[in-house]
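Read through the structure below, which is laid out as structure tokens, and then see the notes.
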Amino acid sequence: MQVEPASVGDYSFLSLFMMSDWVIKAVMLILVLASVWSWVVAVDKFIMITLLKRRATDFEDTFWSGRTLDELSAALGNDARDPMARVFAAAMREYNEGSGTQRIGSTNAKHERIDSVMNLVINRELAKAEKGLPVLGTVASISVFIGLFGTVWGIMNSFRAIAASESTNLAVVAPGIAEALFATALGLIAAIPAKIFYDMYLTDIDKYGGRLEGYADELSAILGRKLNAGG
């Protein structure tokens, strides 16, 4: 009986998935879910980093607009949405704390406490910004190996088919080889974008951390001068 051509060589993605065994199906599903998850994290990080940069620029413009620190602190109140604003608010709280009894502690000790508070806020804000990056790093590092496992399993299926049919005809080995290559491709599709996004966002967050630290140094210098001048 002659096989219909339409049923021969149907190696679309859906057909490859449907004709594969449960191991290859599991590998494909894991890789697809990992890829989708990494793209969701990547989009979320893109929005977050864009907002962080924009808000930092807005706050810096306000900070250097000529208003006094007390005026800026009063205008900001408790509504510090930006990490840079939260660094400023924390420093001003520490600066104003016990201002009437300043002589209890030395000026240098108070200055050190202000620096310590700002560093704590910076570390906390950077930890928040880095949330989700381990997902991209994990997907980038393990997807290739999961895809490689699917590749090996698909090739093993081809050898089993050869042993069962005692033939090396292309129709016998093609399904297993196609499954193997498809698993490899899915692994690369998941890993490559995740690696690119991970490196790009890690660099962006490092630069933003440097920007926060630079601002903290400038604010520390201003407050240090005010402390030395007696407030």
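The values are calculated or read from the model by the stated rules, or taken from the named source; none is laboratory data. This is a predicted model, so every value here is computed, not measured. Backbone-built Cβ (ideal geometry, glycine too); neighbour counts: all protein chains shown. When the accessible area is computed, the model is the full protein with side chains, heavy atoms only, and any ligands, DNA or RNA have been set aside. Shrake-Rupley method; radii C 1.70, N 1.55, O 1.52, S 1.80 Å.
A few points about this structure:
- Local charge for D70 was computed over the other residues whose Cβ lies under 13 Å away, with Lys and Arg +1 and Asp and Glu -1, and equals +2.
- Solvent-accessible surface (1.4 angstrom probe) belonging to W64, in square angstrom, nearest 10: 140
- Vicinal HN-Hα couplings computed from phi for region 185-193 (Karplus, 6.51 cos²θ - 1.76 cosθ + 1.60; Hz; Gly/Pro x): 4, 5, x, 5, 4, 6, 7, 5, x
- Taking 7 Å steps out from each Cα toward its Cβ at T107 and L51 produces label points 4.1 nm apart.
- Tensor-based shape of region 29-162 (alpha-carbon gyration tensor, a/c under 1.5 rounded, otherwise prolate or oblate): prolate
- Under 20 Å from K131, Cα to Cα: aspartates and glutamates that are on another chain or at least 8 residues apart: D44, D82, D199, D204, D206, E213
- Calculated FRET efficiency, L133 to V32, Cβ-Cβ distance, R0 = 22 Å: about 0.55 to the nearest 0.05.
- Model label sites at D70 and V23, defined 7 Å from Cα along the beta-carbon direction, differ in position by 7.5 nm.
- D61-A221 pseudo-label distance in nm [points 7 Å out on the Cα-to-Cβ vector]: 2.4
- Extension gain, K207-I192: 0.36 nm per intervening residue step, less the Cα-Cα distance, totals 3.1 nm.
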